[in-house]
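Below: one structure, written as structure tokens.
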Amino acid sequence: MSTAKNRITLAEGAAAGILRQTSVSHIGLTVPDVPSSEAFYARVLGLVSQGVLPDGGVRMGWGVGHHVLDLIPGESGLAHFGFEVRDEDGLRGIRERLLAAGHSVADLEESFIDYPLGAPSGLVAVTPDGTPVHFHSPVYRQGENAADPGRRPIKFQHTTIGTNDLEPLVDFFVSTIGFRISDQLADGRFCWLRSDHDHHTLAIVNVNTRGVLDHYSYDLAEWEDFKSWCDRLTELDVQVQWGPGRHGPGNNLFVFFDDPAGNHIELSAEMEKFYDDHVTYVPRRWQPVPSSVNLWGGQLPRWRKTSETI
């Protein structure tokens, strides 16, 4: 890491960019009231129950295919998050790099993975903040990418993790796991990472608390869908918390709302694409001001701060 004039450049290690066909897969949230949260996700996002978890939680997804969401009884928090690895020898490489870096690795329980694409495999590691992260082989996703975008998102799009120490988390996912840095805020307090063509499948932000979920995002098809969704949220008595707007990093459109446990949910569309097999990219450093994270005027929600203003 280098600094100059109160600016920070986050480093990429040798493994950066090894993963190019790895996407976000699923997330586990602890929530105080599982039935209330289950009803919310069914009513608002069209998720359906795929089974009861041993601890009294519920697993949810879209019709036939791999699950998207685990709702687990407890205080509001992040239980785990996961990625689907389609890179050739990707899981083997992740395991080897984790072990070489001194991290513990366990096999992912088969109950987390679906079978129609053949015998599954997966692993679990723990981030520097202490959160379990799953990596697994390709799974069956018939329930995704065929939605009516006015009634249900197309897919789970990315996860953003909150921390109080950004650099170790970035180093873990970039230098060991194999993600790449797409963008960062120049003060080093926000970083966007990619593992496929999307600008980011994972982002990390300093919120002065470790091991928490900042927000997670579902993908819509296009700009025209946002009007339908804002109207739909109003009809469902779900308050829009931020947006619509357009992020600088990623250039994606967004609107935010909260679930009953207070988790911030983003609907996103038109994410910038990266093609690392054709072009050499240099990570960009955005000014840490409101207009970088919202190009349409710079307004911020109550939970988002930047270190500088304009």
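Structure above, values below:
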quantity	calculated
From the options 160, 176, residue that is touching a His at 6+ places or on another chain (Cβ under 8 Å), within 15 Å of residue 218 (Cα to Cα) and not assigned by TED's automatic domain parsing to the domain that holds residue 90	160
In segment 50-69, residue surrounded by the fewest Cβ atoms within 10 Å (Cβ to Cβ) [restricted to those that are small (Gly, Ala, Ser) and assigned to a loop (DSSP other than H, G, I, E, B)]	56
Check on residue 210, of a type in the set (Lys, Arg) and in contact with a strand residue (DSSP E or B) (Cβ under 7 Å, 6 or more places away or on another chain)	yes
Of all residues making up segment 151-192, the number that are touching a residue at least 60 places away in the same chain (Cβ under 8 Å) and in a loop (DSSP other than H, G, I, E, B)	10
Failed criterion for residue 256 (all others in (1) closer than 12 Å to residue 215 by Cβ; (2) touching a residue at least 60 places away in the same chain (Cβ under 8 Å) hold)	(2)
Filtered residues of segment 252-307 (kept if more than 18 Å from the chain's Cα centre (by Cα) and within 20 Å of residue 151 (Cα to Cα))	260
Criterion: more than 19 Å from residue 26 (Cα to Cα) and in a loop (DSSP other than H, G, I, E, B) - qualifying residue of 243, 248	248
Residues of segment 31-49 that turn out to be in a strand (DSSP E or B) and either free of Cβ contacts under 8 Å to residues at least 12 places away in the same chain or buried (at least 21 other Cβ atoms within 10 Å of the Cβ) (or both), as a count	2
Residues of segment 18-30 classified as assigned to a loop (DSSP other than H, G, I, E, B) and surrounded by 17 or more Cβ atoms within 10 Å (Cβ to Cβ), total	3
Selection count where residues are surrounded by 18 or more Cβ atoms within 10 Å (Cβ to Cβ) and of a type outside the set (D, E, K, R), scope segment 291-308	4
Leading residue by the ranking (modelled with the highest pLDDT) among those in segment 208-229 that are buried (at least 19 other Cβ atoms within 10 Å of the Cβ) and among the hydrophobic types (A, V, I, L, M, F, W, C)	213
Residue match in segment 91-110 (condition: in contact (Cβ under 8 Å) with a residue 60 or more places away in the chain, buried (at least 17 other Cβ atoms within 10 Å of the Cβ), of a type in the set (A, V, I, L, M) and farther than 30 Å from residue 230 by Cα)	yes
Search result, residues across segment 193-207 that are in a loop (DSSP other than H, G, I, E, B) and either without any contact (Cβ under 8 Å) to a residue 24 or more places away in the chain or surrounded by fewer than 23 Cβ atoms within 10 Å (Cβ to Cβ) (or both)	196, 197, 199, 207
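To keep it simple, each residue is scored yes or no on (1) in contact with a helix residue (DSSP H, G or I) (Cβ under 8 Å, 6 or more places away or on another chain); (2) farther than 19 Å from residue 27 by Cβ.
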residue	(1), (2)
171	no, yes
182	no, yes
196	no, no
205	yes, no
219	no, no
236	yes, yes
253	yes, yes
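The values are calculated or read from the model by the stated rules, or taken from the named source; none is laboratory data. Here the structure is a predicted model, which is why all the values come from computation and not from measurement. So basically every Cβ, Gly included, is an ideal-geometry build from the backbone, and we count neighbours across all protein chains shown.
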